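Structure, as structure tokens:
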Amino acid sequence: MPNYSRAFWTKTLAATCLAAAALLSPAAAETKLEMVIAAPFGPKSSIPDPRARQNGWLSNRAGVSETLIGIGYDMTLQPRLATGFENLSEREWKITLREGVKFHDGSAVTAQAVKESFEKLSEEGHPGNNPRLVKLLNIESIELVDDKTLVFRTSAPNSAFLWSLTEPSAAVMKDGTDAMPLVGTGPFVFENAETDKTYVTTGFADYWGGAPKLDRLVIDAISDPSVAALALQAGDVDLVTNYPEPDFAKLLEEGKGQLFSEATARLFFLQPRVNDGPLSNQTVLNAVSLGLDRDTIVAATLAGVGGQSANGIFPASMKSWVNGDISLSYDPAKAQAMLDEAGITDSDGNGIRELNGEDIVLKIRSYEGRAALRPTLEISQIMLQQIGLGAEIAMGEFGANNEALKAGEIDLHLQAWGTAPQGDPDYFPSTLVATDGSYNVSGYSNPELDALLKKGRSLFSSEERKPVYAEVQAIINRDLPVIPLFHKTQVSVGNGKVEGYRIHPAETYLASPELAIAE
């Protein structure tokens, strides 16, 4: 389907409505409502199956796909396509489906359809194949009890299983057709997508939660927040979900604009290459963390509205799980003393310390899409130079940066992740720092940490799990397989007509039947 411009769509709809006005009732002849949202990232293909890679994040936010269980604004488990979920044993989970749910092609959502959707996750060559999620879920079998009831059986005890079902990639989908390539269950139907540019949907009148108020929703990928802000001012978009923090602070001070702000679990952090290169030396790695003034980074990049300095991987808002006894200090004098004591000094007076006879020049990369990444990279470079560590910085592409880190071509990758998109503490460490973690490209391996993560998944009481994940956080602060910098507050700005929008702390939800644009 052609990807027509917003102007074309609006003009066509207006003409259609005027032509039919004489024949239709006033209610039927109402002007169609469209909302355009600017987001930092777009689809990675023209038909992005929500189950593959991280496609589900965009699809979930656009209201196309849904999971069996959701995460509420209080970060607790909430019914979604499933109205009941019960732990039968340490390896068995009973799921009861909601009555009356339809796929976008009009067919009913049944237990068999759910089973088939999950089986596609592990089917090599299928567009929904997702080895990362397969590993997190660790499903051994799915038993059909009746048309609306399933029992998931895991290969090993996994107390995070229900939380993993909330991940957007665990979407319930039906195989598509040429006419409808993505068949989900959400309030909006996938219309078309243009890689890295736009994602277009239309309202689904038969949605189980009620017909959406919008007829059409467009998500435009604008990686530069400043450009997105200009698009809002020009009237090309209705909402910018990641507004530039300095500009937001100015609007806040002036009392202007339709402003939204909410603390999230997103962490800005550095992932170091630790099994070779200069950061395989623990003294150098510790010095990097000690040399970074997190408070100054937050003040300079987020303008006082966008976040808080990190003391660990989880923000203070995750009260049930955060280890309040750990911290990450800024102490450049200590960093320099440690390096001096280890004989890592500047012998030729060029301002750069040497290790094994070579200047330490750390290659650091980041990527576009989040306004705070570039200035954080630039400020970090200056701070590291002040303790005698050279730093070469550049912006690249997220996946390419990961490959470069894995290959030892760079030393640090500055990233921004939601540390608990599923509301559970296991996801982030198991994905990034476990020896076999899907995104552990740093070369870090610690059997003690691996054992703790396995133990955490085997325990089913929050009281028992909390000390396990507290120790996980302490080990991460000690070994620094990731170097936490700050936790992010998301700030968004609307055109004054946006209704029904609320920032979710997990950042994985956006479009709902209540999302609307005032006429």
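Points to keep in mind about this one:
- Single unsatisfied condition, L328 versus (1) in contact with a Leu (Cβ under 8 Å, 6 or more places away or on another chain); (2) in contact (Cβ under 8 Å) with a residue 60 or more places away in the chain; (3) of a type in the set (A, V, I, L, M, F, W, C): (1)
- The lone criterion from (1) farther than 14 Å from V114 by Cβ; (2) hydroxyl-bearing (S, T, Y); (3) in contact (Cβ under 8 Å) with a residue 24 or more places away in the chain left unmet by T96 is number (1).
- Restricting I352, I387, I360, I364 to residues that are closer than 30 Å to V227 by Cα, β-branched (V, I, T) and at pLDDT 95 or above narrows the list to I364.
- Of all residues in segment 186-199, those that are under 12 Å from S45 (Cβ atoms) have Cβ atoms under 7 Å from Cβ atoms of residues that are among the charged types (D, E, K, R), 6 or more apart or on another chain, in T195/K44.
- Just one of the numbered conditions (1) farther than 26 Å from L58 by Cα; (2) of a type in the set (S, T, Y); (3) outside any helix (DSSP H, G or I); (4) at pLDDT 95 or above is not true of S347: (4).
- Test: K148 is without any contact (Cβ under 8 Å) to a residue 60 or more places away in the chain, among the charged types (D, E, K, R) and open to solvent by 20 Å² or more (accessible area, probe 1.4 Å): yes
- Evaluation of L88 against (1) touching a Lys or Arg at 6+ places or on another chain (Cβ under 9 Å); (2) buried (at least 20 other Cβ atoms within 10 Å of the Cβ) (one fails), failing number: (2)
- All positions within segment 350-372 that are assigned to a loop (DSSP other than H, G, I, E, B) and touching a residue at least 40 places away in the same chain (Cβ under 8 Å): I360, E368, G369, R370, A371, A372
- The set of residues in segment 155-188 being more than 22 Å from the chain's Cα centre (by Cα) and either under 15 Å from A108 (Cα atoms) or among the aliphatic types (A, V, I, L, M) (or both) consists of A156, K174, D175, G176, A179, M180, V183.
- Subset of segment 441-457 (residues that are hydroxyl-bearing (S, T, Y) and either under 23 Å from the mean Cα position of the chain (by Cα) or within 11 Å of D426 (Cα to Cα) (or both)): S442, Y444
- In segment 362-381, the residues that are of a type in the set (K, R) and more than 18 Å from A300 (Cα to Cα): K363, R365
- Annotation: of all residues in segment 382-401 being touching a Phe, Trp or Tyr at 6+ places or on another chain (Cβ under 7 Å) and in a strand (DSSP E or B), the one that is most open to solvent (accessible area, probe 1.4 Å) is M395.
- Looking only at segment 116-131, and only at residues there that are in contact with a Lys or Arg (Cβ under 7 Å, 6 or more places away or on another chain) and not polar (S, T, N, Q), the one that is surrounded by the fewest Cβ atoms within 10 Å (Cβ to Cβ): H126
- For G125: the one exception among (1) at pLDDT below 95; (2) under 19 Å from S159 (Cβ atoms): (2)
- Given (1) touching a His at 6+ places or on another chain (Cβ under 7 Å); (2) not in a loop (DSSP other than H, G, I, E, B), number of the condition P315 does not satisfy: (2)
- For A108, the requirement of being open to solvent by 30 Å² or more (accessible area, probe 1.4 Å) and either basic (K, R) or closer than 26 Å to V36 by Cα (or both) is not met.
- Failed criterion for W163 (all others in (1) touching a residue at least 60 places away in the same chain (Cβ under 8 Å); (2) of a type outside the set (D, E, K, R); (3) touching a helix residue (DSSP H, G or I) at 6+ places or on another chain (Cβ under 7 Å) hold): (3)
- Helices (runs of 4 or more DSSP H) contained entirely in segment 402-519, each with at least 3 residues that are surrounded by fewer than 22 Cβ atoms within 10 Å (Cβ to Cβ): 447-458, 462-479
- Residue check for R294: basic (K, R) and surrounded by 24 or more Cβ atoms within 10 Å (Cβ to Cβ): no
- All positions within segment 40-67 that are in a loop (DSSP other than H, G, I, E, B) and open to solvent by 20 Å² or more (accessible area, probe 1.4 Å): F41, K44, S45, S46, I47, R53, Q54
The values are calculated or read from the model by the stated rules, or taken from the named source; none is laboratory data. None of these values were measured; they are calculated from a predicted model. When we count neighbours, we look across all protein chains shown, and the Cβ atoms used for this are built from the backbone with ideal geometry, even at glycine. All accessible areas refer to the heavy atoms of the entire protein, side chains included, with ligands and DNA or RNA removed. Shrake-Rupley method; radii C 1.70, N 1.55, O 1.52, S 1.80 Å.
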